[in-house]
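This report refers to the structure that appears directly beneath it.
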Amino acid sequence: MSTGNGADSAPGHISTPTTAATPAAPAAPAAPPPPASGNSMFSSLRIRNYRLFATGQVVSNTGTWMQRIAQDWLVLSLTGSASAVGITIALQFLPMLVFGLYGGVLADRLPKRPLLLATQSAMGLTGVALAVLTLAGHVEVWHVYLAALVLGLITVVDNPARQTFVPEMVGKDQVANAVSLNSANFQSARLVGPAIAGVLITAVGSGWAFLLNGLSFAAPIAGLLMMRTKDLHPVEPRPRAKGQLREGLRYVAGRPELVWPIVLVGFIGTFGFNFPIWLSAFVSDVFHGDAGTYGLFNTLIAAGSLAGALLAARRGHSRLRLLVAAAALFSVLLLVTAFAPGFWLFAALLVPIGVFGLTVNVTANSSVQMATDPEMRGRVMALFMMVFTGGTPLGAPLLGWITDTYGARVGMASGALISLAASLAVAAVLARVGNLRLRVDRHGVAFVPAAVPPRRELVTVA
């Protein structure tokens with residue numbers, strides 16, 4: 001994402017809210033921002049353009065979650081295979097893995113608002129096309145695979161453009177709050193979407209869920225069209241030039257504050273966020289439920305995720321130690337849940353999993369954005385999303401195969417153990433770089449500055 005006018009990023013990325021203005025630069029006629037109340041949970045919603053954006057997104061996100069649930073359940077119904085669900089997920093995220101960085105280059109080169117109008121329209125048409133096939137009774141598994149792949153190709157451009165557009169609406173001081181509220185928005189829709197999808201699938205089939213998703217994109221398109229362009233904080237698009245992709249990679253490689261959050265979310269996203277595979281397998285093989293049960297499980301994770309997003313919005317800051325701690329707790333909870341003996345205990349544990357999983361996502365996202373220069377944010381956030389979601393084509397088929405072969409519990413436990421190992425490894429690296437040590441006492445577990453060893457004096461022995 002990008003900040004207001006591009007003048008607020010200094011080398012090292014440590015800046016105060018007020019930066020030196022360029023002498024001859026005229027003041028932009030933007031609406032006055034709300035007072036910088038970092039602890040205000042909904043402060044960025046005071047900005048009209050962002051309210052329009054958030055309103056449209058909550059409608060389309062609800063439709064997106066309906067389609068996700070309907071898509072997973074349709075594939076499971078057609079094939080009876082968790083691996084097939086994994087393949088669907090992999091196809092949807094494969095384009096991000098292959099082309100994600102190019103999407104970031106486009107997001108840096110092109111104006112965000114017209115670009116989003118194009119991508120959101122294309123996503124809506126994809127949902128309508130899948131709905132027509134399903135409602136006509138002609139849908140086959142390869143149709144779902146193709147729709148997932150097309151949606152993934154559109155997302156390659158839409159994702160970095162959407163993320164980098166948020167600071168253009170809210171300005172630098174509200175970036176962290178807006179990122180958290182975006183996640184809260186997404187998770188609020190996740191509360192409603194699976195529940196509606198479960199009812200629709202049970203009552204009339206998956207096709208109506210696909211249709212409603214396609215139509216839901218009218219809301220963000222309308223919001224984009226209604227925005228006041230004079231109130232935006234646009235970043236000057238980067239001119240086309242050779243080597244922009246390599247430039248982005250070199251930029252990240254030289255900054256540890258970007259490298260380690262990206263590495264950690266890469267492992268968590270690849271191996272720890274495979275809930276469609278695990279939950280569908282638990283529903284069908286362990287608890288012998290139906291689409292309503294699958295929707296319930298997703299709703300419980302969403303409830304926890306919404307709580308995590310609101311807590312992040314209230315914090316208003318991001319720290320690497322919070323990221324590492326949340327990733328470790330998320331992994332431990334995932335491991336415990338894999339072997340939960342009963343239905344209701346399993347269901348209850350999904351809520352804190354949602355809290356800490358969302359904390360990982362929001363903390364990594366906002367810390368990476370705040371540490372990145374505006375002109376580089378499209379490429380950096382594309383790399384972030386490529387690693388976070390693009391690893392799914394690698395992790396989903398593998399964990400789908402483990403789940404099919406050894407059962408749902410072993411599949412979930414495998415993802416948890418890999419995520420936990422990555423969390424501990426990154427914690428050790430950051431502790432070493434920051435000269436920290438692990439302290440365990442009655443107050444809890446924490447990293448604290450290591451004591452500097454006393455200087456040894458040479459003593460002459462007579």
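List of remarks:
- Pairwise label distance in nanometres, L394 with E375, each label 7 Å out on the Cα-Cβ vector: 3.2 nm
- Of all accessible heavy-atom area on region 68-176, the percent that carbon and sulfur account for (1.4 Å): 71 percent
- Sequentially through region 54-59, phi angles give Karplus couplings (6.51, -1.76, 1.60; θ = phi - 60°) of 5, 5, x, 5, 5, 5 Hz, Gly and Pro residues having no value and appearing as x.
- Probe 1.4 Å, accessible area per residue of region 157-310, Å²: 36 Å²
- As a fraction of the 1.4 Å probe accessible area of region 236-314, surface on carbon and sulfur atoms comes out at 60 percent.
- Applying the Karplus relation 6.51 cos²θ - 1.76 cosθ + 1.60 with θ = phi - 60° to region 210-217 yields 3J(HN,Hα) values of 5, 5, 4, 5, x, 6, 5, 6 Hz, where x marks Gly and Pro.
- Anisotropy class of region 77-163 from Cα gyration tensor, a/c 1.5 cut: oblate
- A convex hull fitted to the Cα coordinates of region 43-102 yields 114 cubic angstrom per residue.
- Scalar couplings 3J(HN,Hα) for region 110-119, obtained by applying the Karplus form with A = 6.51, B = -1.76, C = 1.60 to θ = phi - 60°, are 10, x, 5, 5, x, 5, 5, 4, 5, 5 Hz; x denotes Gly and Pro.
- Computed from the Cα positions only, the extents of region 212-316 along the three principal axes stand at 56, 39, 33 Å, in decreasing order.
The values are calculated or read from the model by the stated rules, or taken from the named source; none is laboratory data. In this text the structure is predicted, and so the values were computed from the model without any measurement. Every residue, glycine among them, receives a Cβ derived from its backbone with ideal geometry; neighbour counts consider all protein chains shown. Each accessible area value is taken on the protein alone, full model and side chains, heavy atoms only, with ligands, DNA and RNA left out. Shrake-Rupley method; radii C 1.70, N 1.55, O 1.52, S 1.80 Å.
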